[in-house]
Every structure is written in C-alpha cells, then in structure tokens.
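Reading through the structure tokens given below for one structure.
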Amino acid sequence: MVPAIIAQVVVPRLASWCAVYTSDNSGPLRLVYLWHADEARIDGLRVQLDDMDVAAADTRVTSTVHLAESQVLAVPLTARGRSLGMMCLGRSDRFPDDVIQFAEDISRRAALAMDNARLYAQQAAANRALQRSLLPPNEPEVPGLDYGVIYEPAGEVNEVGGDFYDLFKAGDDSWRFAIGDVCGTGPEAAAVTGLARHTLRLLAREGYGVAAVLGRLNQAILEEGERARFLTLLHGDITPVESGLEVRLVSAGHPEALRLKPSGKVEAVTTPQSLLGVFHEVLFEADTIHLDHGDVLLAVTDGVTERRSGGRLLDDDGGLAKLLAECAGLSARAVAERIRRGAAEFASEPSADDLAIVVLRAR
C-alpha cells in the first residue's frame, strides 16, 4: 500500500507519472506500482519501463535518465541504512531543484514507512508462530469423551496472548486437561505459558496428581523471579468409567467450572483456591466430580466471564450459568461455539481480552 500512496501523492503534483520499484533481501528491483496522470497511457508506459535498465541506476543517490519523451528522476528508497528500492518520477520538462528536494523528502518518509511495515509484519509472523507453539500440538481421542475447545487471541497481532488450554494423555487410562490465563501479554507471558504447559505434561507423565502438579508449578513460577507472572489455572484429570467420567480438578484462582445436566440444571463444581505465582506455601486440594452420560463440564478464561458491556460483565448475576443452561442437549463443540457467540454478542465493541473455552461432555 505504501508504493500506491507514494504514486498518488506525487502525481500530478510533482510529475506526470510515478513508478515504484522494490527489492526483497537485496534481490533485483521489480516494479510494484505504476501510476500516470493519464490512465490510458499506463499500459504503454509499462512497456517502455520494461525496456529501461533499472538495475543500472544507482540506488544510493538521486539521478536522472531519459525515457522516450520523459525525463526520469530516480530517487532511492533507503531506510535505516538499507536500500528498499527506488522511486522513478517522469515529466516532459526538466525537474526544478525544489521538486527534486520534495521528491527526496517524500522518498525518505516513504522508505521509513515501508521498513516499519516490513518489521511489523515480521514481528507479527514471529509472534503468531510463538502463539501456535504454546497451543496443543494435537487433540487426543479420549474414550467416552466428547470435547470442544476454542481459543481466540485479542488485541494487536504483535502481542502474544496469555490464555492457553491443553488436553493430553497422561497414562494408560488417564487424560489431563488445563485452561489458564497468565497476567499480561507479550514475551514474558509467553514464557510463563510455555513453562506451565510443559510442566503440566512432564509431571503428569511422572505420575503426580493434579494437586501436586499445581504445587510444583507454583514453585517453578516463583523461581522465575522478576520474570514471573501471576497465573490462574484450572487443571484436571479425566478417567473413563462405566457410568461416565471421573474428573479430579483444581481451580487455582480461575473462574469456576460449571456442570450442566441434561435437564438444564447448572452448578459450580470447583472450590476456589490460590492463584499461582503469589504465595510460596500453598497446599492445593483436588475436587472430585462425576460426569454422568450427557453431563457437560464448562471451563473458560476471564475473556468470557469479564466481557464488558457498559457497566455490566457477562457473568454478573450468573450470566455464564444462564448461557450454559441454554445448551442442554448440544454437542461439546456446539456448546463451545454457543458460549463464544454469547460472549461476542454481549457487547458491540471487539473484545480487548483473549478468550479460551474448554467443554468436556460425557458420551
């Protein structure tokens, strides 16, 4: 878009036409945008430019050449000491000194805008890759379990969110799940997210129960020192049984988990306990619940419960429980989507917080 804006700015104010060339990673120059005051002449001009030896132009200094009936002013696009390309201006008469000065000033500003856009895109791509690395590599098949998960980061694309979820095999007949929210965003939050997810998986495979896992994770976060971040976490294990699913879970400062019965009855099933990364001496205790066939367990981050519309939050007066009660009879994925849609529709403005939803349903 920057080359297009350059051409629109200089034509016809400074020149009859403008051609913008760029190069990627010091590669050859290529024409990326061409504009003429007389649009009917653009195709013919493009043919003439194909015959012009652009590569022979010095991309370090402003120079002039001739092309058919035009005098061409070639102005380098340079930012932070790196050549990004060249802006060529054409007009039938000589370029006055003040026009050359204007063109050089525009080229400096345009090159900086182009370089900023490239740096932003590179950072955004790197952070998207980092965000993907913090999510489960795969979703396992669990006997007797129908599940649905949703994760939506919010905010600028150059920020890595602090919400995460996980679902993984912990033993021959046991699976673990987690949903958490790290305070803040960016690399520091990503570091704690990565620490939490890998610690949960490692200790689960070593045979530690969910309460013991959270105690050790709490200590690991505190040992991060100044890099530590508060973390709310709901962590549980799932064991298939003949009558449904046995679930042991711990809620460390996290929004309460809700159970939905096929009748539409909704109840909280977790005991609030200390969030992680605050206190050294914390003992966690697991709650044990049973999910009969058709029961649904819902866990969300505060991107759902604290979704704001004016002075109201979605979960005021049990708003989340009411939303869940409308989901009786739905599949796990349908429940997750219904909760996501309810959060999105609660307010007209986009959410400023990440959102994660985990739904477990006993088949």
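From (1) among the basic types (K, R); (2) at pLDDT below 95; (3) open to solvent by 30 Å² or more (accessible area, probe 1.4 Å), pick out the condition that doesn't hold for R248.
(2)
Before we move on, is E345 open to solvent by 20 Å² or more (accessible area, probe 1.4 Å) and in a helix (DSSP H, G or I)? Give the derivation first.
Values: open to solvent by 20 Å² or more (accessible area, probe 1.4 Å): yes; in a helix (DSSP H, G or I): yes.
Yes: the conditions hold for E345.
Are there any pairs, at least 6 apart or on different chains, whose C-beta atoms fall under 8 Å, with the first in the range 217-237 and under 20 Å from D166 (Cβ atoms) and the second open to solvent by 30 Å² or more (accessible area, probe 1.4 Å) and among the basic types (K, R), and if so, which?
I221/R229; G236/R248; D237/R248
Under 9 Å by Cβ, and 6 or more places apart or on different chains, what pairs join a residue from the range 19-36 that is among the acidic types (D, E) and modelled with pLDDT under 95 with one that is open to solvent by 50 Å² or more (accessible area, probe 1.4 Å) and assigned to a strand (DSSP E or B)?
Cβ pairs passing all conditions: D24/R30.
Being crowded, with 17+ Cβ neighbours inside 10 Å and touching a residue at least 60 places away in the same chain (Cβ under 8 Å) is the filter; apply it to the range 197-211 and report the residue that is farthest from V247 (Cα to Cα).
R197
Select from the range 177-190 the residues that are buried (at least 18 other Cβ atoms within 10 Å of the Cβ) and under 18 Å from Y151 (Cα atoms) and list them in ascending order.
Taking the range 177-190 and keeping what is buried (at least 18 other Cβ atoms within 10 Å of the Cβ), we get 177-182, 185, 188-190.
Hits for the range 177-190 are F177, A178, I179, G180, D181, V182, T185, A189, A190.
Under 6 Å between Cβ atoms, which residue pairs at least 6 apart in sequence (or on different chains) link something in the range 278-294 that is within 30 Å of G244 (Cα to Cα) with a partner that is assigned to a loop (DSSP other than H, G, I, E, B) and open to solvent by less than 40 Å² (accessible area, probe 1.4 Å)?
Pairs found: D287/T270; I289/V269.
Checking R30 against (1) closer than 30 Å to Q122 by Cα; (2) out of contact with any strand residue (DSSP E or B) (no Cβ under 9 Å at 6 or more places or on another chain); (3) of a type outside the set (F, W, Y), which test does it fail?
(2)
Can you pull out every residue in the range 283-339 that is among the hydroxyl-bearing types (S, T, Y) and open to solvent by less than 40 Å² (accessible area, probe 1.4 Å)? Don't jump to the end; show me each part of the working.
Residues of the range 283-339 among the hydroxyl-bearing types (S, T, Y): 288, 301, 305, 309, 331.
T301, T305 - these are the residues of the range 283-339 that are among the hydroxyl-bearing types (S, T, Y) and open to solvent by less than 40 Å² (accessible area, probe 1.4 Å).
Among (1) at negative phi; (2) in contact with a helix residue (DSSP H, G or I) (Cβ under 9 Å, 6 or more places away or on another chain); (3) among the small types (G, A, S), which single condition is G264 missing?
Against the list (1) at negative phi; (2) in contact with a helix residue (DSSP H, G or I) (Cβ under 9 Å, 6 or more places away or on another chain); (3) among the small types (G, A, S), G264 comes up short only on (1).
The values are calculated or read from the model by the stated rules, or taken from the named source; none is laboratory data. Being a predicted model, the structure only gives us computed values, none of them experimental. Cβ: placed from backbone, ideal geometry, glycine included. Neighbour counts: every protein chain shown. With ligands, DNA and RNA removed, areas are computed over all heavy atoms of the protein, side chains included. Shrake-Rupley method; radii C 1.70, N 1.55, O 1.52, S 1.80 Å.
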